[in-house]
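Before any comments, here is the structure.
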Amino acid sequence: MPTISWSKNLLARNPVLNVLVLAGVFNLFCAALVYDERRNAFEQAKASSSNLVAAVSRDISRNIEIIDLTIQKLIERTTQPGFNQLSPDLQRQLLFDQVAMAQYFAALAVVDESGRLKFHSRFTDLDIINVAKQQYFTAHRDRPDAGLYVSLPIKSPVGLGWGLVFSRRLSHPDGRFAGVAYVGLGLDYFTDLFSRMDLGLKGSMSLMRTDKTLLVREPFNEKQLGTDVSAAELYRYYPAQRSGSYEATTSPLDGIPRLYTFTQIGDFPMTISVGRSLQDVYAAWWRRALTISGIVLALTGAMIALALSLRRELRGRRAAHQEALHNEALFRGAMKGAGIGTALLRLDGTVFKVNPAFCRLFGFSEGEMLSKTAADLVHPSDDPPDDAALLRGEIDLAENEHRLLRKDGAEVWIFRSASLLRDEAGKPAYLIVQFQDITARREAEEQLRYNATHDELTGLLNRSAFEQKLEEALEESRDTGVKHALAFVDLDRLKMINDSAGHVAGDALLRGVAGALPGYLRDGDVIGRLGGDEFGIILLGCSLDDAKAILEDLNAAASAIQFPWDDRSYSVGASIGVTEITPNSVSPSAVLAQADVACLTAKMAGRNRVSIYRPEQSEAVDRHREIAVAAGIKQAIEEGRLRLFAQRIVACADPTQDRYEILVRMVDRDGAIIPPSVFIPAAERYDLIGAIDRWVVREALNTVGRGGGLDRQTYLHLNLSAASIGDASFVAHVLEALEASGVAPEILVFEITETALVSNMAVAAATVGKLREMGCRIALDDFGTGLSSFNYLRQFPVDMVKIDGSFVHNMTVNAVDRYIVKSIHQIAQELGAQTVAEFVEDEATFKLVTSMGITFAQGYAIHRPEPLDAVMADHRVLADA
C-alpha cells in the first residue's frame, strides 16, 4: 500500500513520467494491437481461401463424380447381355446419350486391349488414334487395381486441345485386361473455373496429382503442365493433413511468397491449392501498422488510441462483411454457371434458390419454384426422397434415382444428389440438391430389357421368354393340380409367300398374324413366337377339349384370312398341335416336343387342322416319337447339342498303335443323351443324315486341329451315310474342312456300309475315288451281313474291311461264326486290305482274333467310347510327357 501511494504521488508530481508511463502503456497496447492485426489478416485470408478452396473442390469433385459415373455406365453398357448384337448406331446412342449435357467433355471412348478405339463419342473412324502408349492405358494394363486413373495433361493429336483423361480398366470375365473406358475433360474447364475466382494480385490456383505433378495452374502456363512440384512446401503438410493452410517464402514455379490453402478433392488422387501473395494478404495490415506506429510515436493520448481501436474494429467487421458478400457472389456465380440443375432447399424442403439449368430441366421459372417444395415434383405414384438420414448427420451425401414431373406434365428421370450445409455453429442450415437428367439412359435400359424378352418383328414374347412362361405354368400345375394346354402353331403357306412375294411380304404377314392371334384367345393366355413361322400358345386352366374348340376357331379364322400384296391375294392356313400340361409332365422341353409332334401330325394329315397329342395310342406314339426326334435333329445341330465321342481301335500285333472311330450322340434340352439307335434312323428317314455327316466331319477336324493335331500314326475313322456318298458336293465339303483345320487327309479313314454303296453306285464310285485321290482311306463297314458283300470288294478298292460284330461276338462258342470271320480275313488279305474285328467284348475274343492274324480289334474289351475332347486331352498329356 505505501508503494502504490508513492507511485501515485510520483506520477502526479512528474508529468513527463506520467507521459512516459502512458506512452509505455500505449506502446505495449499498440504492439499487441499490431500483432493481433497481423494474426487477423492471416485468419481472414485463410478463411477466405478456405471458402474458395471448398467451393472449387466441390465443383471439381462433383464433375469428377459425374465423369466416373459416366465411365462406369460406359463399362456397364458395353458388358450388358445383348449389347454386341445391337447395331453400331444404337450402340453409340446408348453409350453417348449424355455427351451433349457435359460442356467440357472433350471425348468419351472405349478402347480394346491393343489400344485401338472401339467406340468414340466424336469420331466414327476408329483408326484415327491408338492409345496403347499412353500412361493411363499402360497403368490399367499393368495394375488391375488402378481404379479411377487421372492422367497428366495431354494435348489431343486430333485437335481437341489440352485435357485430362479419366479412365477405368475393362476386364474379361476371367480378369484379363480387356481395354480402357475413358472420358477426356478439357483443361478449359479448369482454366475457366479458376479465372472466375478472385485470387488477388499475384495469386495462384493449382491442381496437382497425388504423385506431386502439376495438372493445371492459374495463371496458365503451358510449359508448366506436368511439372514435378515435389519441392513445394505443401508436401510438408500433405498427405498427413487432407486440408490446411501455411505460409511459404517461395514457390518452386515463380518464387513468389504466398499464403497457401489446400485440400484434397474428395477421395480422388488430386489436391487443389489456392495461393494469395503475402504482399496481398498483409497489405492492409502494413498500412494499419504504419498508422499505429505513427500514433505511438505521436503519443496523441488515450482518446486517439481508443479511436484507433474503434476504427480497427469497424474495419475488421467491414472486411469480414465484404468478404462474406464476395464469397456469396462467388457461390451464386458458380451455381448459375453450373450445367446441372441445382436447388437450395430449406430444412423443411421448401425451395429458396434454383439455377437456370434447373429451370430448363423442369420448365418452371425461378419465381414459380419459390412457392413449391421439391416433393411437389415427385410422380404421384412414387414416394418422395427421404433426406432424414442426411439431416440427422448419419451420412454426408444422399444419392438416388427418381421419376419427377416437368411443368408440362412430362415425366423425367433424374439422378438426385443432396448435401447438407451447416452454419458457423455447425448446425444444419440448408440442403444443396443437384438434379441430373438420366431419362435417355433409363429409356435405353428399358428398351434393352424389352428386347431381351420380345420378338423384334412381331412384338410377341420370344422363345426364351415363352419357355420361361411354360416352365411357370408347369410349376403351377405341379403345385395346384391345375391343368393347362400348350399349342404349337405352324403357318402353312409362309414359305410360298416368301418365295413368290419376298421376305418383306412374309414379314408383313407375320406381323399381321401376330396382331390378330390374341383376339381369338382368352385374357391371360400366353402367346409367343418360337421362330420362323412357328408360334406357341399357353391356354391357362384350359382342358384339351376346350383348347381344341378355341384353336379350331382360331384356325378357321386364320384360314379365312386373305393377305393382299402387290395386286395379289394370298390365303393363310395353320397346322396346330396341342398337348396337355399336367402335374406329371416331365419338363417344359418335353411338353413342347409333344405339341411339336402333334403339329407335325397335323401337317402329315393334310395341314390346316388341329391335332391333339394322345400318348395312349401306341402306334401313333411310335410314329410321333420318330417325328419328334426328326424335328429335334436340325434344332440340335443349330443349338450345338450334338456331341462327338471316340472309340479306340487297336492293332492286335502292336496295341500301342492308335485309331479312333468317331461316334455322334445327341443331347436333348434337359441334358439327357439320345443314343444313335434312336435318332440315326429318324435322320435317315427324313433326309437329315447328310447334315449330321457334314457336322461330324467339320467338328471332328476342328477339334483335332484345335488340339494341336495328331501324328500320322494315329487315324480317325468317320462313318459316311448313303446320302453323303451320293452327294456330289460332299468331297468339296471335306476339302474345306481339311483346309480350315489344318489336319492331314492321310489320317482319315471313311467307313462306308454296303447299303450306302448300293443306293447310287455311279456317284458312290466317283465319291470314293476322289476321297482316295486326296489321300484318305476307305473301309467297308459291317462286312458280311449282305449277300453281295464280296461283290463290292471286286468293284470298289478298299483299304480296310470291318468284319460285322454279329460274327465276332459269338465266335468263341460258335464254330460257324469263327470260320466266317477267318474266311473274310483271308479274302481281305488276298486283296491287300486290312481287317478289323468289331464287337470284341472280352479278353478271350481278343486273343482269338489276334491268333487268326486279324489286323485290328474294336470293342468294349478294348475301349469304351468317351468324349473326343477327353481323348485329345490325353494325347496332349502324352505328347508333353
Centroid-to-centroid separation of the range 417-453 and the range 817-874 [C-alpha atoms, Å]: 75 Å
The range 333-409: C-alpha gyration tensor shape, a/c 1.5 cut-off, then a/b vs b/c: oblate
Area accessible to solvent at R643, 1.4 Å probe radius, in Å²: 100 Å²
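Report, as a whole number in µm² per second, the diffusion coefficient that Stokes-Einstein gives for the range 73-184 at 10 °C and 1.306 mPa s using the Kirkwood radius over alpha carbon pairs.
Values: Rh = 14.3 Å.
Rounded to a whole number, D works out at 111 µm²/s.
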K212 accessible area, assembled protein chains, probe 1.4 Å, Å²: 70 Å²
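As a test of understanding, state the convex hull volume per residue of the range 505-589 from its alpha carbons, in Å³.
Details: hull volume 8.1 nm³, N = 85.
So the per-residue Cα hull volume is 96 Å³.
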Cα centroid of the range 217-262 to Cα centroid of the range 32-65, whole Å: 15 Å
Cross-link table K73/K133; K133/K212; K372/K427; K118/K212; K46/K212; K155/K353, entries beyond 29 Å C-alpha to C-alpha: K118/K212; K155/K353
Exposure ranking of S477, S729 by accessible area [1.4 Å probe, largest first]: S729, S477
Carbon + sulfur, % of accessible area of the range 504-598 - ligands and nucleic acids excluded, 1.4 Å: 50 percent
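As a test of the formula, what do you get for the chain when each DSSP H run with n ≥ 4 contributes -39,500 (n - 2.57) and the sum is divided by the residue count, at 222 nm and rounded to the nearest 500 deg cm²/dmol? Working shown, then result.
Working: 29 runs with 394 residues, N = 881.
For the chain, the value works out to -14500 deg cm²/dmol.
Determine the order of H733, H120 by accessible area, beginning with the largest, at a probe radius of 1.4 Å.
Values: H733 25, H120 5 Å².
Most to least solvent-accessible, the answer reads H733, H120.
Under Stokes-Einstein, with the Kirkwood radius over Cα pairs standing in for Rh, what whole-number D in µm²/s applies to the range 656-748 at 20 °C and 1.002 mPa s? Walk me through the numbers on the way to the answer.
Numbers: Rh = 14.4 Å.
Rounded to a whole number, D works out at 149 µm²/s.
Helix hunt in the chain: which complete DSSP H runs extend at least 20 Å axially by C-alpha with mean Kyte-Doolittle at least 0.0?
Working: long enough: 15-78 (92 Å, 0.38); 283-298 (23 Å, 0.96); 302-337 (52 Å, -0.24); 439-453 (22 Å, -1.63); 463-480 (25 Å, -1.43); 544-560 (24 Å, 0.26); 588-604 (24 Å, 0.91); 618-638 (30 Å, -0.19); 689-706 (25 Å, 0.14); 815-830 (23 Å, -0.14).
Membrane-span-like by this criterion, though nothing is claimed about a membrane: 15-78, 283-298, 544-560, 588-604, 689-706.
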Of all DSSP beta bridges in the range 645-748, antiparallel share, percent nearest 5: 60 percent
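Does the chain come out rounded, prolate or oblate, given a ≥ b ≥ c as the square roots of the eigenvalues of its C-alpha gyration tensor, rounded meaning a/c under 1.5 and, failing that, prolate meaning a/b above b/c? Let's see the in-between values first.
Working: a/c = 3.83, a/b = 2.31, b/c = 1.66.
Because a/c hits 1.5 or more and a/b exceeds b/c, the chain counts as prolate.
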DSSP bridge pairs, the chain: antiparallel proportion in percent, nearest 5: 80 percent
Heavy atoms of R511: accessible area, 1.4 Å probe, square angstrom to 10: 110 Å²
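State, as an integer percentage, the relative contact order of the chain based on alpha-carbon contacts under 8 Å between residues 6 or more apart.
On the way: 1425 pairs, mean separation 51.3, N = 881.
Once divided by the residue count of the chain, the mean separation gives 6 percent.
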Sparsely packed GluC sites (Glu not before Pro) within the range 634-669, loop by DSSP, other Cβ within 10 Å at most 15: E639
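Could you order the peptides 863-869, 671-677 from most to least packed, using the average number of other C-beta atoms within 10 Å per residue? Numbers along the way, then the final one.
Working: 863-869: 15.7, 671-677: 11.4.
Ranking the peptides 863-869, 671-677 by packing returns 863-869, 671-677.
The values are calculated or read from the model by the stated rules, or taken from the named source; none is laboratory data. This one's a predicted model, so the numbers in the text were calculated from it and none came from an experiment. With ideal geometry, Cβ positions are generated from the backbone for all residues, glycine too; neighbour counts draw on all protein chains shown. Accessible surface is based on the protein model in full, side chains and every heavy atom, while ligands, DNA and RNA are left aside. Shrake-Rupley method; radii C 1.70, N 1.55, O 1.52, S 1.80 Å.
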